[in-house]
1. Can you tell me which of 282-293, 308-319 comes out highest on packing, and rank the rest after it, using the mean Cβ neighbours within 10 Å?
2. Of all beta bridges DSSP finds with both residues in the chain, what is the antiparallel percent, to the nearest 5?
3. Over the Cα atoms, compute the radius of gyration (one decimal) and Dmax (the largest Cα-Cα distance, rounded to a whole number) for region 483-584, in Å.
4. Hand me the GluC sites (Glu not before Pro) from region 422-497 located in a DSSP loop with no more than 10 other Cβ atoms within 10 Å, in residue order please.
5. Give a residue-ordered list of calculated ³J(HN,Hα) values for region 210-220 (Karplus: 6.51 cos²θ - 1.76 cosθ + 1.60, θ = phi - 60°; whole Hz; x for Gly, Pro).
6. May I ask you to work out the translational diffusion coefficient for region 422-462 at 20 °C, viscosity 1.002 mPa s, via Stokes-Einstein with Rh from the Kirkwood sum over Cα pairs, reported in whole µm²/s?
7. Which of the peptides 22-33, 423-434 is most tightly packed, and how do the rest follow, going by the mean number of other Cβ atoms within 10 Å of each residue?
8. If you fit an axis through the alpha-carbon atoms of helix 557-568 and take the longest principal axis of the Cα set of the chain, what angle between them do you get, 0 to 90°, nearest 10?
Amino acid sequence: MPPTHSTRRPLAGKRKLILRNFLCPGDLVLLTAVVRDLHRCHPGKFITDVRSSCPELWEHNPHLTPLRESDRDVEQIDCHYPLIDRCNEAPYHCIHGFADFLSERLQIPVRPTEFRGDLHLSADEQRWKSTVHELGGKDVPFWIVNSGGKFDFTIKWWHWRRYQEVVDHFAGRILFVQIGEVGHHHPPLRNVVDLRGKTDLRQLVRLVYHAQGVLCGVTALMHFAASVATRPDRPKSRAAVIIAGGREPAHWEAYPHHQFLHTIGALRCCETGGCWKARTRAIGDGEETDQPHNLCTDVVRGLPRCMDMISSRDVIRRIESYFIGGANRYLNASEQSAARRAIARSTVGPRFDTTINLGTVRAALECAAREARKLSAPPMLGRGILVLATEEADLSQALACARGLRSLGCELPIELWSAIRCDQSSRAPFRAAGVDIFDCSREAELALPITCSELRSHALTKTEKREVLLLDPDVFPLVVPDRLFSHRVFQESGALFFPRRKNVARPGVWKLCDLKLPRETASAAHLLVDRFRCWSALSLWKWISSRNYFFHGYVDGEGGAAQLAFAKLRLPSSMSRNTARWFWSTKSGEPTPPLVRERLRAATRSLHC
């Protein structure tokens, strides 16, 4: 994978910023624009880095330089766009949102310099064949269609049957490629290349690069269509038909060269601007978007009336305009044959419709819990400490942790579960510390690259120890672990967690499954568990973690997934209040204890001498 950041060397005297935002991909596309505009408006004045939920969108971005949060001269800014609160009245586009915020925060003018986001592809990525080309054996023009959306924003949906009418109208003339994120609502369309659930964000960016046009609602794909460069053999502006209805004001969302179908001003509920409602009907998940004031007040045939007023004929006419005007062309005979091959081959493989969503999670979790209860625990005996390492840098921390445990007087077996292949020179210092190494880098059941979540589940499944203390590589015990194993609450429950933070889990899955939302979320970075007593919960936890595409939005991290598993099986677990006294983490924000600092230095020297 190419590096995410630019490798340019920063110059002294520049202001260093880490811009943070963890919203949805569409919002982050807008953040890419303000990073570009900051540098264009104030060249040579800033060094910027970002922290976001979608690092794929920042790959090959020339405006980023790696920065560390711990550096004293680095400013961290949580980016927002409060301008959205005035968008119904103020004459601004969403591209102004972050720029307006950053201008005020930095006390300098930052103005948009282009009417689009700033997504970059490498030269290699532009040369690669599209997925459609690979499936059909020929470079065929195609349109991407996103016919659904998130379950918690149903007001944005247009009926899938109307999308099908559009596809059928252009049969043999336009090849449509259906995409959609796993866990969201995307009913299958006929006679399309089915890539639902088969593209990650980076793959979607590359797919948009090759696309002739885009058909969707107001969603991330709309921003991608405007922000990803077009191929040299295509018009400078990519065709796009956006089915918007009356939720958002047109001037806030529409890009100049898009066909933006809206009904603002046609209905009383959106006569002066977007209604900004979230759902067509309540689904009972306890979210704020489920409250009556967030529900559509004018529903027709299951659709918001503003969306029902837009017919398939309206959409067909807007698509045809690109062909009548000459910006696009229809498929020729040889391309039609390749399109049929691509459609047929896209149906091979796992089916998107088996994935979990808000409508199926209750039944799916109940079925998984039922199967987990039937499982018998394998033979296991004794106590041990499991330390994880997924990256090269983790090895020195794991070695420092092991040496620290030994210096505290811990005589328990220590196991290093590593996703990194360890050579003989790397193994020697671990052996000297009495650590058994389990090299998982070639495990057939683990997909590469191995994530910490997958490695954690694998270690908890495969170790032969019954009672284990599991540690991420950045966690250092400050007391002898024997005291933790003998703790009364652990002996009573068989599982001892440590709090991560409070009030962060969303209620959706918990409420839909009739489970009580925990007051605080557990950390998975360090925990104690009696594997024999909790085998069914560990199995269900692994099942939940493997479906992170859905659950990550409703449980907070791996610790939240573990809590959901224990709650569903009604198995006891305990929460400790002594994290700071018993453990120190590099992510805690607390100063590094001098002894830990020295151990880290010594471990680094041992592994690189």
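1. On the way: 282-293: 14.8, 308-319: 17.1.
Most protected by this proxy first, the peptides run 308-319, 282-293.
2. Values: 17 of 65 bridges.
Taking every DSSP beta bridge within the chain, about 25 percent pair in antiparallel fashion.
3. Here Rg and the maximum Cα pair distance are 13.0, 39 Å.
4. On the way: sites: Glu443, Glu445, Glu454, Glu464, Glu467, Glu492; in loops: Glu443, Glu445, Glu464.
Those satisfying the criteria are Glu445.
5. Calculated HN-Hα couplings, in order: 7, 6, 6, x, 9, 10, 6, x, 7, 8, 4 Hz.
6. Numbers: Rh = 11.5 Å.
Rounded, D is 186 µm²/s.
7. Numbers: 22-33: 21.0, 423-434: 14.6.
Highest to lowest by the protection proxy: 22-33, 423-434.
8. Compared with the principal axis, the helix lies near 80 degrees.
Read the figures in this text as sums done on the coordinates, not as results from a lab. Remember, predicted model here, so these are calculated numbers, not experimental data. Heads up, the Cβs are rebuilt from the backbone with ideal geometry, glycines too, and the neighbour counts pull from every protein chain shown.
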